[in-house]
1. Does any residue in the stretch 21-50 that is free of Cβ contacts under 8 Å to residues at least 12 places away in the same chain come within less than 6 Å, Cβ to Cβ, of a residue that is of a type in the set (Gly, Ala, Ser) six or more places away or on a different chain, and which pairs are these?
2. Being in contact with a helix residue (DSSP H, G or I) (Cβ under 8 Å, 6 or more places away or on another chain) and either at pLDDT below 85 or of a type in the set (Gly, Ala, Ser) (or both), is that true of even one residue in the stretch 20-37?
3. Quick check on my filter: what residues within the stretch 38-59 are at pLDDT below 75 and surrounded by fewer than 11 Cβ atoms within 10 Å (Cβ to Cβ)?
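The values are calculated or read from the model by the stated rules, or taken from the named source; none is laboratory data. In this text the structure is predicted, and so the values were computed from the model without any measurement. FYI the Cβ positions are ideal-geometry reconstructions off the backbone, even for glycines, and counts take in every protein chain you see.
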Amino acid sequence: MYKEYLAYFKDNPNRYWFKRKLFGWGWTPVMWQGWLVIAVFIAAVIFLASFLSPGILLSLSVVLLTSLLI
């Protein structure tokens with residue numbers, strides 16, 4: 001199954017940053033630009049959660065729940 005995923009991700013002639021998942025809904029990053037978008041999104045969630053919430057524990061729980069959605 002892992003080899004099937006790798007073959008699917010490498011077959012990217014249009015050089016899309018994200019491709020649809022083989023199973024389930026959504027998109028997954030396949031280029032470094034897509035992974036950068038994900039990293040910036042997670043950093044923004046961490047920053048906003050720590051800036052807007054009163055406790056660090058609440059911030060970490062928001063980050064954890066958000067990362068599970070990805």
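1. Taking only residues 6 or more apart or on different chains, the pairs are Ser50/Ser59.
2. Yes, the conditions are met somewhere in the stretch 20-37.
3. Matches in the stretch 38-59: Phe51, Leu52, Pro54, Gly55, Ile56, Leu57.
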